[in-house]
Amino acid sequence: MLANEKAVNQGVAPVTYGQGERPPRGDYASARADYACDQNWSAYTAQEHDLYRRLYERQASQLEGLACDEFIEAVQHLGAPHQIPRFDELSETLRRATRWEVVAVPGLIPEEAFFALLAKRKFPVTGWIRKPEEFEYVVEPDVFHDLFGHVPLLFNPMFADYMQAYGAGGLKASRLDACELLARLYWYTVEFGLIDTPRGLRAYGAGILSSAGELRHSVCSPQPSRVAFDLQRIMRTRYKIDSYQATYFVIESFQQLFEATSPDFTPIYRSVRELPQIDAGAVLPGERQYAASC
């Protein structure tokens, strides 16, 4: 959900939409100062609800044996898959579980706005859904990716706390000119993270869980590198945005993830800047590797 600030409209007066109207895709004029906007659920068409249903059912059918148990148990909180959830109703359930809520946004938002929402336990969810011709792949995160991929694990208390801590850390990183390093942490955990379980590797990253092809690829394919979680290693590692990942990082538990990312990152940023960057897919001497689990 991050975007460079140049990628969104700024300094535009807010536009008010009437009952039953929904801002068009990427209409940042509809956003308030924090980039949140109204979902206007009644404006979704029957075709859009049906597209969401088909996306949901396709991904849900693949979860067993590939997604972590925490995600499989929590995805039911999204409600019946036959329609796009109402954000206000979903937020009521989420607040009772972990004190989080979801807020609608027009699309990708600036880093500081994104971090600020997370720090307040508010997860930004894109209001629009992809077009039918984008069923297999959409360039920007849409409502399906954000809801199906990200929201279920916010019902997990440990992961929910990690996300808030990440937001607070992001606000500090923006003052230290370290957002690129922190973005790599988000990419390799929240979006494309794997977790080791007694039954083998499982996916917990939203980019994996909402992708028809990458879910099986990340767990089963012999091609990518699967490296044990290491904070500095992650911050040094480049990533791919236009293909399946060449490297996945594996945590042992959400507790490990939270504890590893809770200290002050200031000295870590200094240390990482003194080391060379690592290409996606590279394997360093002596580091722990995980085999495919299928």
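Any read-out appearing in this document is the output of simple, stated calculations on the displayed coordinates, not a laboratory observation. Worth saying up front: this structure is predicted, and the values here are computed from it rather than measured. Using ideal geometry, Cβ is built from the backbone for each residue, glycine included, and neighbour counts are taken over all protein chains shown.
Taking θ = phi - 60°, what integer Hz values does the Karplus form 6.51 cos²θ - 1.76 cosθ + 1.60 yield along the stretch 62-75, in sequence order, with x for Gly and Pro?
Here the 3J(HN,Hα) series is 9, 5, 4, x, 10, 9, 5, 4, 4, 6, 4, 5, 8, 5 Hz.
What percent do you get for the relative contact order of the chain when only Cα pairs under 8 Å and 6+ apart count?
Reported relative contact order: 17 percent.
Using only Cα atoms, tell me the angle between helix 46-60 and the longest principal axis of the chain; keep it within 0 to 90° and round to the nearest 10.
Its long axis makes an angle of about 20 degrees.
Which FRET efficiency value, to the nearest 0.05, do you get for ASP69 and GLU89 by plugging their Cβ-Cβ distance into 1/(1 + (r/R0)^6) with R0 = 41 Å?
Using R0 = 41 Å, I get an efficiency of 0.95.
Out of residues 5 or more away from THR237 or on other chains, whose amide H comes under 5 Å of its own, with H placed 1.01 Å from N in the peptide plane?
ILE278
Please list, in order, the residues from the stretch 206-227 whose amide nitrogen is less than 15 Å from a point placed 7 Å along the Cα→Cβ vector of GLN289.
Label zone hits: 221-227.
Using 0.36 nm per residue of separation minus the Cα-Cα distance, give me the extension gain between ALA280 and HIS49 in nm, one decimal. Mind showing how you got there, number by number?
On the way: separation 231, 0.36 × 231 = 83.16 nm, distance 3.68 nm.
Between ALA280 and HIS49, full extension yields 79.5 nm more.
Give the range of the longest stretch in the chain that excludes all GluC sites (Glu not before Pro) found in loop regions by DSSP and having at most 15 other beta-carbon atoms within 10 Å.
137-251
How would you rank MET158, MET163, going from fewest to most other Cβ atoms within 10 Å of each one's own Cβ? Intermediate values should be presented prior to the final figure.
Values: MET158 16, MET163 22.
So the ranking, lowest neighbour count to highest, is MET158, MET163.
Under 5 Å between amide hydrogens, which residues at least 5 positions from GLY127 or on another chain qualify, with H placed 1.01 Å from N in the peptide plane?
VAL105, GLY107
Would the stretch 2-273 count as rounded, prolate or oblate if I go by the C-alpha gyration tensor, calling it rounded below 1.5 in a/c and otherwise prolate when a/b exceeds b/c, oblate otherwise?
Oblate, because a/c is 1.5 or more while a/b does not exceed b/c.
The stretch 199-231: which trypsin sites (Lys or Arg not before Pro) are DSSP loop and have at most 10 other beta-carbon atoms within 10 angstrom?
Taking the stretch 199-231 and a limit of 10 other Cβ atoms within 10 Å, the loop trypsin sites (Lys or Arg not before Pro) found are ARG199.
Placing +1 at every Lys and Arg Cβ and -1 at every Asp and Glu Cβ, with all other atoms neutral, what dipole size does the chain have around its Cα centre, in debye to the nearest 20?
Value, rounded to 20: 340 debye.
Under the classification rounded if a/c is under 1.5, otherwise prolate if a/b is larger than b/c and oblate if not, where does the stretch 43-88 fall, given a ≥ b ≥ c as square roots of the Cα gyration tensor eigenvalues?
Oblate is the answer for the stretch 43-88, as a/c is 1.5 or above yet b/c matches or exceeds a/b.
If you build a Gaussian network model of the chain, linking Cα atoms that sit under 10 Å apart, which residue out of LEU176, LEU90, LEU257 swings the most?
Of LEU176, LEU90, LEU257, the Gaussian network model singles out LEU176 as fluctuating most.
Using θ = phi - 60° and the Karplus curve 6.51 cos²θ - 1.76 cosθ + 1.60, what whole-Hz ³J(HN,Hα) does each residue of the stretch 107-115 get, with Gly and Pro shown as x?
Listing the rounded values in order: x, 4, 10, x, 4, 5, 5, 4, 4 Hz.
Determine the calculated [θ] at 222 nm for the chain from helices alone, applying -39500 (n - 2.57) to every DSSP H run no shorter than 4 residues and normalising by the residue count; nearest 500 deg cm²/dmol.
On the way: 11 runs with 101 residues, N = 294.
Rounded to the nearest 500, the figure is -10000 deg cm²/dmol.
So what J values fall out for the stretch 30-39 if you push phi through Karplus, 6.51 cos²θ - 1.76 cosθ + 1.60 with θ = phi - 60°, rounded to Hz, Gly and Pro as x?
7, 7, 7, 4, 8, 6, 6, 9, 7, 6
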